[in-house]
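What follows is a single structure, written as structure tokens, with notes after it.
The values are calculated or read from the model by the stated rules, or taken from the named source; none is laboratory data. All values reported here derive from a predicted model rather than from experimental measurement. In this analysis, Cβ positions are derived from the backbone assuming ideal geometry, glycine residues included, and neighbour counts consider all displayed protein chains. To get the accessible areas, we keep the full protein, side chains included, count just its heavy atoms, and leave off ligands, DNA and RNA. Shrake-Rupley method; radii C 1.70, N 1.55, O 1.52, S 1.80 Å.
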Amino acid sequence: MKMFKKLAGLLLAMIMVFSMSTVASATQGTNDNSGSITINDAVEGHTYNAYQILVLESYNTDAKAYAYKANADWAVWLKAQTQYVSIDAQGYVTWVEGADAAAFAKAALAHATATGIKPDATKTADGTAVSFTGLNLGYYLIDTTLGTLCSLDTTTPNVEMQEKNEVPSQKKEVQEDSDGSWGDKNTAEIGDTVNYKTTINAKKGAQGYVLHDVMSAGLTLDPDSIEAAGLTKGQDANSGDYHVVTTGLGDGCTFEVVFHQSYLDTITANTDIVVTYSAVVNENAQVSPSDNPNTTKLEYGEASSPEDKFTPPSETKTYTFKVDVVKTDDKNKVLDGARFKLYDAKTGGNEIALVEVSDGFYRLAKDGETGVEYITTVDGQLEIKGFDANTNYYLEETKAPDGYNKLAERVEIAVKEANLNASVSNDTWQSGGVHIVNKTGSLIPSTGGMGTTIFYIIGGVLVAAAGIFFVIRRRVSAGK
């Protein structure tokens, strides 16, 4: 990895810098520190290094004749680069006709990095131009921490070139399972698998590309799902086009995709690299309006400051929802003692497993989890979290509160793109949520008690009282 970072940011220029006080047709000296290189449209914050590979011993502009010899630091290596240059018995260097200058530049920078050759000049861009001055004339290699290649024109005695590099970019997207579309947000339920893709717009001469991904606590990565389309996944830096790192990361990342320089060297024009992977929404998922973010950024080059080392982050957000259930009597007073199960259909269907988080709080179970036997209210209320948007579930009452009639059919829970929140005050349902009402009947008399006997007794007493009243009245009348 360190090796790739050291090789990051290759900005090539094979440039001839010539020094002359007047236009001359005669041979001139070239070791007078009068040469300069100016890079226009430089990228602020990135560092540019200049390496003198060849010394310009003499030149004649009218004859277009130039005599080069190897810089001492490069002499041994140059002798082995026969596909690019030839060196005669006196040490003069000639370019091989048709040789690939860009490939030579890559090899030269790799040699400088591996052997510790120091640049002859270093500048960090603090604006839109970088200038190297006081250079001896010669054949120079320019590299930068920006991370891509460009070609530069040559003039004498001073070189002025345009920075042709572009910063790579990356875009992260998440798939909405309801319609298969890709965007920056989606909805899902606990236990769902969520698909992601990150598209990297790689530039010609890409160097040191590492994709960093950070998943929030509510998402569990499936490490086996990470793939770069069309590329070969290796086990480590020594195999394939890239490899994936999921352990031992000290930067807070969930995983990193390291692209091997051997693959990056094959990029000759803007190229999209598409990385796909998936995660499961887990029990730690935040409920809307909070979200469950997933963030990526692309590392490139070897800039010293983080803001110049990474592309801006790209983020997706996954939302999940919760439902409040309130059980009351027909006067909206809360009731406890009811038991429920959750199903995915109005009748029949599959029971949905629910896990108890705490008293009165439940969530949808993940694959492999065993749910509770039933759910019940606390103070007439319960909460279920982890629903996807635009879904329909059904609560079946398996036991009603004591003294109340059990519901005849299941109650629908229709989740849209919002929570179903309930308001309860003073033990009375006010509004919202899923409101479930139980009714009760009046006391019905039983034939096993006194029944109508009491009415016969009362009737007998009244009849007797009437008789006594009649006898007394007759005696009063006879006395008169």
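Considering the stretch 115-167, and only residues there that are of a type in the set (A, V, I, L, M) and under 32 Å from the mean Cα position of the chain (by Cα), the residue that is modelled with the lowest pLDDT turns out to be L149.
From the list L219, L231, L264, which one is out of contact with any Pro (no Cβ under 6 Å at 6 or more places or on another chain) and open to solvent by 20 Å² or more (accessible area, probe 1.4 Å)? Unique residue meeting the criteria: L231.
Can we say K204 is at pLDDT below 95, charged (D, E, K, R) and more than 30 Å from A414 (Cβ to Cβ)? Yes: the conditions hold for K204. Between Q52, Q28, the distinction of being modelled with pLDDT under 75 and open to solvent by less than 60 Å² (accessible area, probe 1.4 Å) belongs to Q28 only. Within the stretch 312-343, the set of residues being within 30 Å of P293 (Cβ to Cβ), open to solvent by 60 Å² or more (accessible area, probe 1.4 Å) and touching a residue at least 24 places away in the same chain (Cβ under 8 Å) comprises E315, K317. Close Cβ contacts (under 7 Å, 6 or more residues apart or on different chains) running from residues in the stretch 114-125 that are small (G, A, S) to residues that are open to solvent by 80 Å² or more (accessible area, probe 1.4 Å) comprise A125/E44. Of all residues in the stretch 61-74, which are surrounded by 15 or more Cβ atoms within 10 Å (Cβ to Cβ), among the aliphatic types (A, V, I, L, M) and outside any strand (DSSP E or B)? Across the stretch 61-74, there are no qualifying residues.
A quick yes/no check of all residues on (1) touching a strand residue (DSSP E or B) at 6+ places or on another chain (Cβ under 6 Å); (2) β-branched (V, I, T); (3) assigned to a strand (DSSP E or B):
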site: V194; (1), (2), (3): yes, yes, yes
site: I200; (1), (2), (3): yes, yes, yes
site: K204; (1), (2), (3): no, no, no
site: T220; (1), (2), (3): yes, yes, yes
site: D224; (1), (2), (3): no, no, yes
site: G240; (1), (2), (3): yes, no, no
site: T247; (1), (2), (3): no, yes, no
site: C253; (1), (2), (3): yes, no, no
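Any residue at all in the stretch 348-370 that's surrounded by fewer than 23 Cβ atoms within 10 Å (Cβ to Cβ), out of contact with any His (no Cβ under 8 Å at 6 or more places or on another chain), among the hydroxyl-bearing types (S, T, Y) and closer than 18 Å to Y394 by Cβ? Scanning the stretch 348-370, I find no residue that is surrounded by fewer than 23 Cβ atoms within 10 Å (Cβ to Cβ), out of contact with any His (no Cβ under 8 Å at 6 or more places or on another chain), among the hydroxyl-bearing types (S, T, Y) and closer than 18 Å to Y394 by Cβ, so the answer is no.
Taken together, the criteria place V214 among residues that are under 15 Å from the mean Cα position of the chain (by Cα), under 30 Å from T145 (Cα atoms), open to solvent by 30 Å² or more (accessible area, probe 1.4 Å) and of a type outside the set (S, T, N, Q).
Screening G301 with (1) open to solvent by 60 Å² or more (accessible area, probe 1.4 Å); (2) of a type outside the set (V, I, T); (3) more than 30 Å from K416 (Cβ to Cβ) gives one miss only, at (1).
In the stretch 226-240, the residues that are touching a residue at least 12 places away in the same chain (Cβ under 8 Å) and under 21 Å from N201 (Cα atoms) reach residues that are of a type in the set (A, V, I, L, M) and in a loop (DSSP other than H, G, I, E, B) with C-beta atoms within less than 9 angstrom, at least six apart or across chains, in these pairs: G240/L231.
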